[in-house]
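Participant: This is the structure I want to talk about, given as structure tokens.
Bear in mind that the values in this text are calculations on the coordinates, not laboratory data. Here the structure is a predicted model, which is why all the values come from computation and not from measurement. Because the Cβ atoms are built from the backbone with ideal geometry, glycine has one as well, and the counts that use them run over all protein chains shown.
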Amino acid sequence: MERILNETAFRRELANALRFLAVDAVEAARSGHPGAPMGMADIAEVLWRDHLRHNPANPDWPDRDRFVLSNGHGSMPLYALLHLTGYDLPLDELKRFRQLGSRTPGHPEAGHTPGVETTTGPLGQGLANAVGMALAEKLLAQRYNRPGLDIVDHRTWVFVGDGCLMEGISHEACSLAGVWGLDKLVAFYDDNGISIDGHVEGWFRDDTPARFRAYGWNVVGPIDGHDAAAISAAIAQARAASGKPTLVVCRTRIGWGSPNKAGTHDVHGAPLGAAEVAATRAALGWPHPPFDVPDALRAAWDARAAGELAEAAWQAKFAAYRARHPELAAEFERTRAGGLPADWPDIRAGLLAAAAAKEGGIATRKSSQNCLDFLVDRVPELLGGSADLTASNLTAGRGSRALHAGGEGVPNYISYGVREFGMTAIMNGVALHGGLIPYGGTFAVFSDYARNGIRMSALMRQRVIHVLTHDSIGLGEDGPTHQPVEHASSLRIIPGLEVWRPCDERETAVAWIAALERRDGPSALLLSRQNLPQYAAPAADAARGGYVLAEADGEPQAAILATGSEVAIAMAARAELQAAGIAVRVVSMPCTRRFDAQPADWKRSVLPPGLPRVAIEAGQTDFWHKYVGAEGIVLGIDTFGESAPAGALYEHFGLTAGALADAVRTALRPH
């Protein structure tokens, strides 16, 4: 009994080390969220010391467990865990919590702090990322594991709070996790009954266990989230579950240990204050000064030796795997590193040749599918999908095998259902996991549902490809609810997102190539519903994002800038103007961000200073004034659309060759 009591007390001291590193860091920063760290410290201690398989010396070990702190506002326990277990995160960084240039920002950021798997803070998205990671593990295990050599065999653990479960994305992602049977996914629900506004029963009365059982999850608890033995037993039940993800409902007290603020919203998002910090130290018997952790506790937390042994065992297994399955091993290592197939130059050339051979009118959504027909079998790491619009987005190639359909072969296509936001955040998790390149489709107008997920793709610099079809009033009769107007411009202003709006199959192929070759951020492909003509121009020029598609006959007097479906209008206006003796060049700008990144001499060659410019795009006009000038002419749409056939809509909104030719004439008149 004495041994058990001593062990229990020691575990509490280990958890208190997390609590006080968090309390001291928040106090030093005079900013942060101490409540959740204090409330979840006991759960974190049991998970990280007894169950989480990781190697602090190699945060990128492929078969490590993934840990996600979805309630990312409570970031300090994660930093404390990383520091204490031996990651490259020295104590001085914890002392610089929330300061400019520190490795301990206010919310965890992937790629910034060693051991942080995903950027969290927008509530619910970390949970959806975790679903994506668990999905990736399941699919990669199916692809690579062989009898006796399971080289992909790890779990995904995620902490979630009330706020995560209030967000609608939690429903989207967790419903899918149940459908997919992600039994290596375990979520710990910090059920403390508090959010910023106070006690949540005034706005959150869900029967959460029943909700998750309805999704097809295994539910454990409620348990006492401050009882190490109960937590250990719950994790054992989660490990034993087969065919279902697990939710562990942990009843906790926010700010546990604080004599006057525990259990209140006062401890959620503000420092305790000097007096309450002192009172908490006294209440928990923690006499140590700020940021001081006794050596005995540090030694018990240190996970480096165990981590090295775990990875060494996996490396030995992988060496045996490589000897027996050299081609699969090489592919596994290549995809983990983010490289494309060894014959990518040939794949690339073949795709461009196939695109250049196309003739006649083809919608760019169909051109995209033609590209996928070529790519899916040749780039095995592609994982496609759609938010219940496969037949409209045309995101399934000939080699696509849907997860829900069963059959032979490893699935490489996901039907996400009507869940645009969930799809996007899950794709982010797949990309973060590594080994797969996710792409997913929806209508461009519904990118609004997914927007914060797209923003997170860019913030985390992940190779995620967003396929957004029906990109203008050209979709026709469905009307203004489905017709994107502001969306292209709005997406272009997300930092780090490359937005491609191709005008034909050749530019569509260039866009796919650019998206696949890009390893430092996401891409969005805006694609037409209506058929568009094909043009002949060098793919290398299109890859620059903006180029002269059709030169003027003679010295150019003006330039018309266009994208996507409006390039055809620009070409028709050019012909009309040329017939009238006005020499005009047409500049196609499929990706303005790529164009902006070109050397100055290229940009000057395409858009010479002083050359009058007119832009046309079936969308919001403000964006284009950066190219035509404040007084320049832009033909576009600054209202919502209408319900009518596409041709009638283009006439109604003045997006015609005649109107564009008149605009060029106006631009050429002396002012």
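Participant: Between Arg324 and Ala296, with labels modelled 7 Å along Cα→Cβ, what's the label distance in nm to one decimal, could you check?
Facilitator: Once both label points are built, they end up 4.7 nm from each other.
Participant: Need one number: nm distance between label points at Asn260 and Asp207, each 7 Å from Cα along Cα→Cβ, rounded to one decimal.
Facilitator: 4.1 nm
Participant: Continuing with the same structure: With +1 on the Cβ of every Lys and Arg and -1 on the Cβ of every Asp and Glu, and nothing else charged, how large is the dipole of the chain about its Cα centre, in debye rounded to the nearest 20?
Facilitator: 780 debye
Participant: Moving to a separate point now. Pick out, from Gly193, Ile473, Ala241, the residue whose Cα sits farthest towards the positive end of the charge dipole of the chain, with +1 on the Cβ of Lys and Arg and -1 on the Cβ of Asp and Glu.
Facilitator: Ala241
Participant: Do any GluC sites (Glu not before Pro) in segment 458-551 lie in a loop, going by DSSP, with at most 14 other beta-carbon atoms within 10 Å of their beta carbon, and if so which?
Facilitator: Within segment 458-551, the qualifying GluC sites (Glu not before Pro) (loop, at most 14 other Cβ atoms within 10 Å) are Glu477, Glu551.
Participant: With a ≥ b ≥ c the root eigenvalues of the C-alpha gyration tensor of segment 1-121, is it rounded (a/c under 1.5), prolate (a/b larger than b/c) or oblate?
Facilitator: Details: a/c = 1.92, a/b = 1.24, b/c = 1.55.
Because a/c hits 1.5 or more and a/b fails to exceed b/c, segment 1-121 counts as oblate.
Participant: Could I ask something else about it? For segment 593-671, what's the relative contact order in percent, using C-alpha pairs closer than 8 Å and at least 6 residues apart?
Facilitator: Once normalised by length, the contact order is 27 percent.
Participant: Now for a different question. Return the subset of Lys366/Lys603; Lys184/Lys317; Lys138/Lys366; Lys358/Lys626 for which the Cα-Cα distance in this structure is over 23 Å, preserving the input order.
Facilitator: Result: Lys366/Lys603; Lys138/Lys366; Lys358/Lys626 exceed 23 Å.
Participant: Looking at segment 356-434, which trypsin sites (Lys or Arg not before Pro) are DSSP coil and have at most 11 other C-beta atoms within 10 Å of their C-beta?
Facilitator: Arg398
Participant: I've got another one for you. Relative to the present Cα-Cα distance, how much length would full extension add between Asp448 and Ala283 at 0.36 nm per residue of separation?
Facilitator: 54.5 nm
Participant: Consider a paramagnetic label point 7 Å from the Cα of Ala353 along Cα→Cβ; state which residues of segment 493-519 have an amide N under 18 Å from it.
Facilitator: Residues passing the 18 Å test: 506-507, 509-510, 513.
Participant: Compute the label zone of Arg30 within segment 80-108: residues whose backbone N is under 16 Å from the point 7 Å along Cα-to-Cβ.
Facilitator: 96-100
Participant: Still on this structure, please answer the following. Please give me the summed charge of the neighbours of Ala319: other residues whose Cβ is under 15 Å from its Cβ, Lys and Arg +1, Asp and Glu -1.
Facilitator: 0
Participant: Pulled fully out, how much extra length does the chain show between Phe640 and Ala141, if you take 0.36 nm times their separation in residues and subtract their Cα-Cα distance? List each step's numbers first, then the result.
Facilitator: On the way: separation 499, 0.36 × 499 = 179.64 nm, distance 4.70 nm.
The Phe640-Ala141 span can extend by a further 174.9 nm.
Participant: Using a cut-off of 15 Å between beta-carbons, work out the net charge of the residues near Asp65 (Lys and Arg +1, Asp and Glu -1, Asp65 not included).
Facilitator: Cβ neighbours under 15 Å give a net charge of -1.
Participant: Continuing with this model, one more query. For the chain, take the longest principal axis of its alpha carbons; what is the angle in degrees between that and the long axis of helix 168-180, to the nearest 10 within 0 to 90?
Facilitator: 80 degrees
Participant: About its Cα centre, how strong a charge dipole does segment 351-497 have in debye, to the nearest 20, once Lys and Arg get +1 and Asp and Glu get -1 at the Cβ? Write out the running numbers ahead of the final one.
Facilitator: Details: 12 positive and 12 negative charges, 84 e Å.
That gives a dipole near 400 debye.
Participant: Label segment 472-610 by shape, choosing from rounded, prolate and oblate, from the square roots a ≥ b ≥ c of the eigenvalues of the Cα gyration tensor; if a/c is under 1.5 it is rounded, and otherwise prolate applies when a/b is larger than b/c, oblate when it is not. Can you show the working numbers first?
Facilitator: Values: a/c = 1.84, a/b = 1.20, b/c = 1.53.
Verdict is oblate for segment 472-610.
Participant: Along the Cα-to-C-beta direction of His671, a point sits 7 Å from the Cα; which residues of segment 585-613 have their amide N less than 18 Å from that point?
Facilitator: Under 18 Å, as judged by backbone N against the label point of His671, lie 608-613 of segment 585-613.
Participant: Suppose R0 equals 56 Å; then what is the FRET efficiency for Glu551 and Glu408 from their Cβ-Cβ distance, rounded to the nearest 0.05?
Facilitator: In this case the efficiency is close to 0.60.
Participant: On a 0 to 90° scale, report how tilted helix 274-284 is relative to the longest principal axis of the chain, with both axes built from alpha carbons and the result rounded to the nearest 10.
Facilitator: 50 degrees
Participant: Report, in degrees rounded to the nearest 10, the 0 to 90 angle that the Cα long axis of helix 344-356 makes with the longest principal axis of the chain.
Facilitator: Rounded to the nearest ten degrees, it is 40.
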